[in-house]
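The values are calculated or read from the model by the stated rules, or taken from the named source; none is laboratory data. Values in this document were obtained by computation on a predicted structure and should not be read as measured data. Positions of Cβ are backbone-derived with ideal geometry, glycine not excepted, and every protein chain shown enters the neighbour counts. For accessibility, only protein heavy atoms count, side chains too; no ligands or nucleic acids. Shrake-Rupley method; radii C 1.70, N 1.55, O 1.52, S 1.80 Å.
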Amino acid sequence: MGAWSARHRRTAVFGWLLFVVLTAALGTLHGSTRITDAEQVPGQVSRAARILDEAGLKSPAGETVLVQSVTRVADDPEFRTAVGRVIAAVDGTGEAAEVRSPYDTGAVSADGHSVLVTLTLKGDPATAPDRVQPVLDAVAGVQRQHPDLTVVQLGDASSGKWMQDQLGDDFARAEWTAVPLALGILLVAFGALVAAVLPVVLALTAFLAAAGLVALCSGFLHTSGDAGSVMLLVGLAVGVDYCLFYLRREREERAAGRDAATALAVAAATSGRAVLVSGITVVVAMAGMFLTGIATFEAMAFATIVVVITAVLGSLTVLPALLSMLGDRVEKGRVPLLARLRRPQAAQDGGRFWNAVLTPVLRRPLAATLLAGAFLLALAAPLLTMHTAKLTFQQQLPEGNALVAASQRIEAAFPGSPAPATVVIKAADIDSPAMTAAIAELKARALAGGRMHGPVAVTVHSERNVATVDIPLNGTGNDATSNEALRSLREDLLPATVLKVPGTEAPVAGQTAASYDFNRRMTDSMPLVFGFVVVLAFLLMLASFRSPVVAATAVVLNLLSVGAAYGALTLVFQHGMGASLLGTAGVGAVESWVPLFLFVILFGLSMDYHVFVVSRIKEAHDRGLPTRDAVAHGIRSTAGVVTSAAVIMVGVFSVFGSLSMQVMKQVGVGLAVAVLIDATVIRAVLLPSVMTLLGDRNWYLPRWLDRLPDLSHGGSLPPVGADQAPPAAPAGTAEGARGARHRRAGV
């Protein structure tokens, strides 16, 4: 691929540009088809959504206005005046379909100091966030008129508007922060502006093309907002890293004295191959998410697979074409002060810091293995206490947010009202005496059981033979109390009441039900996904390195880095340790989909460094160096590029850790911690110490596996002179002495 692109560089470059422009434009024109509630998670929640969809019953966007006073009660004249002004102001916007007074609905708190004005918005609920601003302004106007009262609004549309606005601002900030950050790190790594700009430009164009492809494919595989966020996150990180690996190797070969064509061929045969293997591993790992059967996961998996394939394609085609066109002009725009940081010898010997780390590790590999392993196991220990849940509205938003404050006030005055369980009843005759009696019995048993409370709202759609029963559950919505109430409703109350009527369905939906169904599906699918990813990753590494020992080592080290990331997540976001540094607080749980998502992402991304480093080790071993010296050479020669790549990934992920939404913080911090551990403790300590301990056993291949394809890491390279052989380890070290003996022996 590299040779073809170098020979047909104009075709490769302009073909890439045409591909990016066409896919981005067509994707924009086509638009994205989003996942519906009926598709989200197989189970009762999805079935309830389908029943309502089939009946043509779209729930309008509902809003609630809380009017509250510390001193006055609802019957106070001034209190009534404020409520009347809220109703008149909201009605006057022309956006409200129905505004109901609390004096008609009885929505008055037990202490009499709070009331709820309820309303629904006209039009499609999906577009309600775009039309709710006049209502918000009307409510804010009444608050200004009555500063001694609390007048706040909360609902589907107002929450949706905040989410849209805030996420838009967050991702705009992330883009404007992550891209300059990556550019600055690359500038330090290469010391030249052109070389620094190339990976960033290719990563951004790969993301644009992938976004267009995902939109075009959303007709048969629906997408989601989370999928777009993940695609940006992963696409920018891997796109820059892949180009960095390729470009840095080409520059090293040129600095070693090879001509331009040979240097490009070496980069293609080594770093290009490592990029291909790494990309395939990420794709295989992400494919495991399809086994969950959860639509959001499938959307994220597809989006990530597309952006990774696009990034790999760009790195293996347009990048070598650009390097062939530019030649040594890729070094244009040199920054003099940074030139010393990228000297060829410094790139080969790994620099003082990594030498200081690696030398004692290779001298005492057993002690290094035990210490590093104990550290990672200790960091992973908190995952034993990890509690996963679908985070509530209050847990997702930043502490002190106005919507969270409004929700807390409403929940305190009217327990259970923000998110009741909804029983969707579909019957042969919803108005039959048997069904009417069954619904009445359901309501009575719910109120008498002690796990649920009122008010219980029953809505009957006679013409559709469908009814909905809203029953507030005890608890916070995602705790054990709420889950037990849900279990009682599904397994005890419904079978004893409405389900006794022949031909009746009664799935339960709502926030608690959605969280419970999601977690249950996740729990059931986790062993299958984990097994799929681990086995396929092992087989890919086995085929790549022709060594079951190397493949098993890669899997175990990746599991350690994932476990450490899980432990850090649990400490920060569940127990709150250090959460204030991230502008958040411990919420008592990790978002239910984050652990599985992190597992598949990290298992793929960790292979970036592992494949790249082990490729250099095996390349040196295939050229005659003993294992200890090959390990030293591989670690030292990749130290600069892997450090730069890791800093870029950690920087990009950390930016996402600073966003407003709790789930984005968890994803960003989890990825950043795992990559940091993988690029330091794993790569600089555990990998070299374990491979040194194993020695020649690293390359053991049973006879029955000898039929594996020989994908050699060094055999296909152009001949290299003695002056270009892998450098010996520094004098005075054990590996240096052993290398000298081998050289004297003519090895």
Q) If Ala421 passes every condition in (1) out of contact with any Pro (no Cβ under 9 Å at 6 or more places or on another chain); (2) at pLDDT below 90; (3) open to solvent by less than 10 Å² (accessible area, probe 1.4 Å); (4) among the hydrophobic types (A, V, I, L, M, F, W, C) but one, which one does it miss? A) (1)
Q | Residue among Val747, Val720 that alone is closer than 27 Å to Glu253 by Cα, exposed (fewer than 13 other Cβ atoms within 10 Å of the Cβ) and at pLDDT below 85 | A | Val747
(Q) Quick check on my filter: what residues within segment 428-465 are assigned to a loop (DSSP other than H, G, I, E, B), at pLDDT 90 or above and either within 42 Å of the chain's Cα centre (by Cα) or surrounded by 15 or more Cβ atoms within 10 Å (Cβ to Cβ) (or both)? (A) Ile430, Asn465
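Please enumerate the residues belonging to segment 29-45 that are crowded, with 16+ Cβ neighbours inside 10 Å and not charged (D, E, K, R).
Of the residues in segment 29-45, the ones crowded, with 16+ Cβ neighbours inside 10 Å are 32, 35, 37-41, 43-45.
Selection gives Ser32, Ile35, Ala38, Gln40, Val41, Gly43, Gln44, Val45.
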Q: Tell me, yes or no, whether segment 387-396 has at least one residue that is more than 32 Å from the chain's Cα centre (by Cα) and either under 30 Å from Asp53 (Cβ atoms) or surrounded by 18 or more Cβ atoms within 10 Å (Cβ to Cβ) (or both).
A: no
Q. What are the residue pairs meeting all of these: first residue in segment 299-311, first residue without any contact (Cβ under 8 Å) to a residue 40 or more places away in the chain, second residue surrounded by 24 or more Cβ atoms within 10 Å (Cβ to Cβ), Cβ atoms under 6 Å, and 6 or more apart or on different chains?
A. Ile305/Met286
Q: Determine whether Leu659 is in a loop (DSSP other than H, G, I, E, B), under 30 Å from Ala589 (Cβ atoms) and modelled with pLDDT under 85.
A: yes
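Take Ala48 and tell me if it is open to solvent by 60 Å² or more (accessible area, probe 1.4 Å), within 22 Å of His461 (Cα to Cα) and outside any loop (DSSP other than H, G, I, E, B).
Details: open to solvent by 60 Å² or more (accessible area, probe 1.4 Å): no; within 22 Å of His461 (Cα to Cα): yes; outside any loop (DSSP other than H, G, I, E, B): yes.
Taking the combined requirement at face value, the residue does not satisfy it.
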Q: Working only within segment 466-475, note down all residues that are out of contact with any Ser or Thr (no Cβ under 7 Å at 6 or more places or on another chain) and either of a type in the set (Asp, Glu) or in a helix (DSSP H, G or I) (or both).
A: none
Q: Please find, within segment 57-80, the residue that is nearest to Val139 (Cα to Cα) out of those that are surrounded by fewer than 19 Cβ atoms within 10 Å (Cβ to Cβ), out of contact with any Lys or Arg (no Cβ under 7 Å at 6 or more places or on another chain) and at pLDDT below 85.
A: Gly62
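Hey, does segment 597-614 have a residue that's over 29 Å from Val283 (Cβ atoms) and open to solvent by 10 Å² or more (accessible area, probe 1.4 Å)? If you could, list the steps in order and put the result at the bottom.
Within segment 597-614, the first condition is being over 29 Å from Val283 (Cβ atoms), and the residues that meet it are none.
No, because not a single residue in segment 597-614 is over 29 Å from Val283 (Cβ atoms) and open to solvent by 10 Å² or more (accessible area, probe 1.4 Å).
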Q.
Return the pair list, or none, for Cβ contacts closer than 9 Å from residues in segment 617-635 that are in contact (Cβ under 8 Å) with a residue 12 or more places away in the chain to residues that are aromatic (Phe, Trp, Tyr), at least 6 apart or on different chains.
A. Lys618/Phe545; Lys618/Trp699; His621/Trp699; Thr627/Trp699; Ile635/Trp354
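Which helices (runs of 4 or more DSSP H) does segment 264-367 wholly contain that include 2 or more residues that are at pLDDT 85 or above, more than 30 Å from Arg34 (Cβ to Cβ) and open to solvent by less than 30 Å² (accessible area, probe 1.4 Å)? Reasoning before the result, please.
Working: elements: 273-287, 295-316, 318-326, 344-349, 351-363.
Per the criteria, 295-316, 318-326, 351-363.
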Q: May I ask you to list pairs of residues, at least six apart or on different chains, whose Cβ atoms are under 6 Å apart, with the first in segment 153-179 being touching a residue at least 24 places away in the same chain (Cβ under 8 Å) and the second being open to solvent by 50 Å² or more (accessible area, probe 1.4 Å)?
A: none
